[in-house]
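One structure is given here, and the rest of the page talks about it.
Derivation of every value follows stated rules applied to the coordinates shown; laboratory data play no part. All values reported here derive from a predicted model rather than from experimental measurement. Using ideal geometry, Cβ is built from the backbone for each residue, glycine included, and neighbour counts are taken over all protein chains shown.
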Amino acid sequence: MSLAALLVLADGRFPAGGHAHSGGAEAACKAGRIHDAATLEEFCRGRLHTAGLTAAGLAAAAAHGLDPAVLDAAADARTPSPALRAAARRLGRQLLRAARATWPAAELDALAAAFPRGAHQPVVLGITACAAGLGPLEAAHVAAYESVSGPATATVRLLGLDPFEASGVLARLAPELDAVSGRAAQAADRARRVGPEALPAASSPLLEIAAELHADWPVRLFAS
């Protein structure tokens, strides 16, 4: 495993398109569910244990080498909101573009050919992690971290929240990030034997509903 590659992939400056997405934080801020560091932490914790766990499982499974088409269908099944499915594919396209330029690999070229409209971002992330010399657990860690770092960064812009407080939220969530990543990697290992039904499918209905409402806003700062 290359720790440097892990840092590059998890870096918010990696041009994977995440800066344009709030992970549901914009809608939550407007609804008053996020209004300070404490409520941001509650939001991020909920997102980590639902959407974050699901994404981490898919990423770890992709890093294990499970069929991308099967995993992409599994991601679709776990994403009821059309708006979130579209966002996941946009992010997948952007990540794949950055990954092919950074870690050229036949697996990434094959993924681009198989999914001209883009595969789900966690699937692309897992294959990218493999191309970068990382394993399933590391792929899960990146996916889990992205599930909370995006909303934390977005909230700084949306509310003018002190960035020191936002970073504190992420630091306090670190033990849970490790635990969720471990659970996701274990599930991905089981999925190698029994299929994608072993992968997490944690539900977050409020995120799905908010995404559909957000998609219809005439003016918004973030794409999702």
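Values as computed for the structure displayed
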item: Longest exposed-site-free window of the chain, the sites being trypsin sites (Lys or Arg not before Pro) in a DSSP loop that have at most 13 other C-beta atoms within 10 Å; result: 118-224
item: On Cα atoms only, tilt of 136-159 relative to the major axis of the chain in degrees; result: 20
item: Farthest positive-ward along segment 22-215 dipole, Cα basis, beta-carbon charges - from 121, 186, 168; result: 121
item: Modelled FRET efficiency - R0 45 Å, residue 110 with residue 221, Cβ distances, 0.05 increments; result: 0.80
item: Theoretical gain in end-to-end length, residue 174 to residue 100 [0.36 nm per residue, Cα-Cα removed]; result: 23.7 nm
item: Residue order, fewest to most beta carbons within 10 Å, for 103, 217; result: 217, 103
item: Label-point separation in nm, residue 77 to residue 165, each point 7 Å along Cα→Cβ; result: 4.2
item: Translational D in µm²/s for the chain (Stokes-Einstein at 37 °C, 0.692 mPa s, Kirkwood Rh from C-alpha pairs); result: 192
item: Helix-only mean residue ellipticity at 222 nm for the chain, each DSSP H run of n ≥ 4 adding -39500 (n - 2.57), per residue, nearest 500; result: -21500 deg cm²/dmol
item: Inter-part distance where segment 122-160 and segment 179-201 are each reduced to a Cα centre, Å; result: 17
item: Size of electric dipole in segment 22-215: Cβ of Lys, Arg +1 and of Asp, Glu -1, about Cα centre, debye, nearest 20; result: 380
item: Proxy reagent accessibility, fewest Cβ within 10 Å first, across 158, 84; result: 158, 84
item: Fluctuation leader among 40, 161, 91 - the chain, Gaussian network, Cα springs under 10 angstrom; result: 161
